[in-house]
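A quick write-up on the structure given underneath.
Values in this text are rule-based calculations from the coordinates and carry no lab data. A quick note: this is a predicted structure, and the numbers were derived from the prediction, not measured. Reconstructed Cβ throughout: ideal geometry from the backbone, glycine too, with neighbour counts over all protein chains shown.
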Amino acid sequence: MKEQIKSFINDTIQKLPVKKNESSLEITIKDKKIVLEFAEKECILTFGNYQKTISYDLGADKFFTAQKGLFKNLEPLMKDMEDKKAFGQMLSTWKNNVELLLEEKEMAKRKEALAQKLAIGYPEPSLGNNDLDVGYEHFLNKVRDEMLSVFRSMGYTLVEERELEDEYHNFEALNIDADHPAREDQDSFYVGKNHLLRTHTSSSQIRTLEKMLKNGGEPPLAIVCPGVCYRRDAVDATHFPIFRQMEGLVVDKHVSFADLKGTLLEWAKAMFGSDTQIRLRPDYFPFTEPSGELSVSSPNLLGGRWVELLGCGMVHPQVFRNVGLDPDVWKGFAFGTGIERIAMMRYGIKDIRSFVENDLRFLKQSL
Ligand code: PHE
């Protein structure tokens, strides 16, 4: 260690007037002398009456720290020097030399490490390679994250719920009875008798409210629940049995349809541009009353045509009763939209199957 430190310091002060012998260096500026004496694990710096011991028991790579220790102890001496300028110049030359030398050493080390890696055929991304491709965020994740950030900015919390549901949470609790015709077109993949892959994210509404009440909480609450859903649909350009939705739910004492409309307008503008208009028409869902279907029209989207985007409505009193909330006290609104649908509109994608075909020519366009 001593020898290493010594030769390192030696290298970095070669431009200075230095006298060397076996175990010491003597730096002289004008008639002032700084003596560095090297012992096994330390260096003793003497300058006039001033003496300082600098330990360099620092590990093989820490030359720089050792040198820094030297500078730190030399700098305060400046004020005692007659020729401050010469002393200052000496210090800065020394420092520069240290940095240069370290840089050279660092480069040499890196070069050697790289050569070793390459010698054993190790892939080295920093070399750059035109054959290698960067990754792309998938269209669907991009749209989901964009929607999340819009709702987050409005104060919503993200909730992710299970994909494997029981019939109660997917249907009954949402006011869809066993013989309700709405079950027909939402029949799904069953796992056992009472469990199925959820057909919509609306089950997250029930799960979240139940959990909140069980833990002693109560509304207000504003959540968005994105996630994968499943339906036994025949595959075509706009249907695929695995798809994504995002559910929104707000519950509070004074929530009105106007709040729902305002929220959806804000969201549509954030997604499709500030000149986007929305239109709400009556629709039917067993778990909302009244229910609506939202369409948007934007100059940036299919030439301003009205496009249906999501289902929404005021939470049905029976849904509140099912989770144990008093519908005379609490009001709420909910909405649910397909992420694929929005991505398709946004990017002009014609076939929903493209999202899952893993064709790089398609995926690359998501950049
Ligand atoms: N769950 C409905 C669907 O999948 C959408 C919806 C959600 C409607 C919330 C109203 C309120 O079509």
Quiz prompt | Stretchable slack from residue 72 to residue 289, in nm (0.36 nm times residue separation minus alpha-carbon distance) | solution = 70.6 nm
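Using 31 Å as the Cα-Cα cut-off, could you pick out the over-long pairs in 211/350; 19/52; 19/85; 19/117? Display every interim value, and only then the final one.
Working: 211/350 40 Å; 19/52 20 Å; 19/85 21 Å; 19/117 43 Å.
Over 31 Å apart, Cα to Cα: 211/350; 19/117.
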Quiz prompt | Packing-based ranking, highest mean first, of 104-115, 231-242, 325-336 given that Cβ atoms within 10 Å are counted | solution = 325-336, 231-242, 104-115
Quiz item: Say each of residue 37 and residue 50 gets a label point 7 Å from the Cα, pointing the same way as Cα to Cβ; how far apart are those two points in nm?
Solution: 1.8 nm
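How much length, in nm to one decimal, is gained on full extension between residue 184 and residue 235, taken as 0.36 nm per residue of separation minus their Cα-Cα distance? Please list the in-between numbers first.
Working: separation 51, 0.36 × 51 = 18.36 nm, distance 1.71 nm.
Once the chain is fully extended between residue 184 and residue 235, it gains 16.6 nm.
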Quiz item: Under 5 Å between amide H atoms, partner at least 5 residues away or on a different chain: which partners does residue 229 have, H built in plane at 1.01 Å?
Solution: 243, 244, 245
Quiz item: Between residue 238 and residues 5 or more places away or on another chain, which pairs have amide H atoms under 5 Å apart, with H built 1.01 Å from N, and which residues are they?
Solution: 352
Practice problem: Using amide H atoms built 1.01 Å from N in the peptide plane, name the residues 5+ places from residue 42, or on other chains, whose amide H lies under 5 Å from its own. | Solution: 56
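Taking 0.36 nm per intervening residue step and subtracting the Cα-Cα distance, what contour gain separates residue 306 from residue 99 on full extension?
Details: separation 207, 0.36 × 207 = 74.52 nm, distance 6.56 nm.
So the chain would gain 68.0 nm between residue 306 and residue 99.
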Quiz item: For region 213-292, rounded, prolate or oblate, judged on the Cα gyration tensor with a ≥ b ≥ c (square roots of eigenvalues), a/c < 1.5 rounded, else prolate if a/b > b/c?
Solution: oblate
Exercise. List, in order, the whole-Hz ³J(HN,Hα) value for each residue of region 228-244 obtained from phi through the Karplus relation with A = 6.51, B = -1.76, C = 1.60 and θ = phi - 60°; use x for Gly and Pro.
Key: 7, 10, 9, 9, 7, 7, 6, 6, 8, 5, 10, 10, 8, x, 10, 8, 10
Quiz item: residue 362 label point, 7 Å along Cα→Cβ, cut-off 15 Å on backbone N: hits in region 228-254?
Solution: 235-244
Quiz item: Using the beta-carbon distance between residue 279 and residue 193 and R0 = 45 Å, what value does 1/(1 + (r/R0)^6) give for FRET efficiency, to the nearest 0.05?
Solution: 0.60
